[in-house]
Amino acid sequence: MSDGYYPYEGPEEEDPLTLSPQVEEILFSLDTPADVMSAVSSVMVEMREALELGVLPPSGRPLPGLPGAYVSPMPRGLGLIEYHETTTAKGERGFYLARVIRTDDYPTGF
């Protein structure tokens, strides 16, 4: 992954959460506001907990017309995280974090 802190300690190809370049940039950029980084991290924790239980994250809502695609609101109304169901190299369930839609970027970042 990147030089930043990443809580998963196993092989990268088996990590159940895969980050898109846009999400990586948000998590590992020095320009990202602390509240946004905290909110994205909070949603990632929720996703890991849901994967351990074998369920979808409780805050996730399906995206119409895109099977396996969902959005979850970030805490404190900072925006949404779009994610897709995937599988790891071992065939276990995972999520691909596609993008972060921040309310302060709307509509240019949408």
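The values are calculated or read from the model by the stated rules, or taken from the named source; none is laboratory data. Source: prediction; values computed, not measured. Cβ coordinates were reconstructed from backbone atoms using ideal geometry, including for glycine residues, and neighbour counts include every protein chain displayed. The area values use the complete protein model at the heavy-atom level, side chains included, leaving out ligands, DNA and RNA. Shrake-Rupley method; radii C 1.70, N 1.55, O 1.52, S 1.80 Å.
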*asked:* Can you tell me the length gained on complete extension of the stretch residue 90 to residue 63, counting 0.36 nm per residue apart and subtracting the Cα distance?
replied: 7.1 nm
*Please arrange 59, 20 by accessible surface area, largest first, computed with a 1.4 Å probe and ligands excluded.*
59, 20
_With a 1.4 Å probe and all protein chains kept in place, how much accessible area does residue 76 have, in Å² rounded to the nearest 10?_
150 Å²
*Around residue 63, with a cut-off of 14 angstrom between Cβ atoms, what is the net charge of the other residues, counting Lys and Arg +1 and Asp and Glu -1?*
0
*Taking H placed 1.01 Å from N in the peptide plane, check which residues at least 5 places from residue 99 or on another chain put their amide H under 5 Å from its amide H.*
82
_Area accessible to solvent at residue 85, 1.4 Å probe radius, in Å²_ = 80 Å²
